[in-house]
1. With a/c under 1.5 counting as rounded, go ahead and sort region 1-53 into rounded, prolate or oblate using the C-alpha gyration tensor (a ≥ b ≥ c being the square roots of the eigenvalues; past the cut-off, prolate if a/b is larger than b/c, else oblate).
2. Taking amide hydrogens as modeled 1.01 Å from N in the peptide plane, which residues meet the under 5 Å criterion relative to residue 30, leaving out close sequence neighbours?
3. Could you name the aspartates and glutamates in cross-link range of residue 78, using Cα to Cα under 17 Å and dropping any fewer than eight places away on the same chain?
4. Measure up 13/76; 13/66; 21/76 against 28 Å on the Cα-Cα distance and list the ones that go over.
Amino acid sequence: METPLITLLTDRKTQQYTLSKRPVGWCIDCLGDLGSFDDNWSHMYDYYPQGIVGFGMQDAWRKAPKSLAVCWVMQKWKNEGPGKSSYCHRRANYRWMVSDG
């Protein structure tokens with residue numbers, strides 16, 4: 001049995017190379033970013049959806065794991081109160097299955 005592998009969602013060339021070798025999942029490292037770095041761009045609305053589809057990784061989860069790490073810590077989302085991060089915190093509590101394990 002092979003060890004399940006994941007690759008950081010980086011670029012199409014890298015993702016296609018890894019997929020050509022064997023099934024791999026993907027990981028992202030800023031779950032919950034709704035515009036904290038830039039008011040006109042976010043990981044959640046821009047980079048991740050475009051990257052997952054554009055890099056050909058949309059079906060990778062069927063054969064390999066995925067890993068999602070939050071930006072900062074969830075306590076930061078709570079402390080910020082109403083706004084971009086707290087919206088994500090509410091969604092994580094009620095709609096998304098997020099695990100730190």
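1. Prolate.
2. Answer set, sorted by chain and number: 69.
3. Once the sequence-local aspartates and glutamates are set aside, what remains near residue 78 is 33, 100.
4. With Cα atoms farther than 28 Å apart: 13/76; 21/76.
We did not get these values from a lab; they are worked out from the coordinates using the rules stated. These numbers come from a predicted model, not from an experiment.
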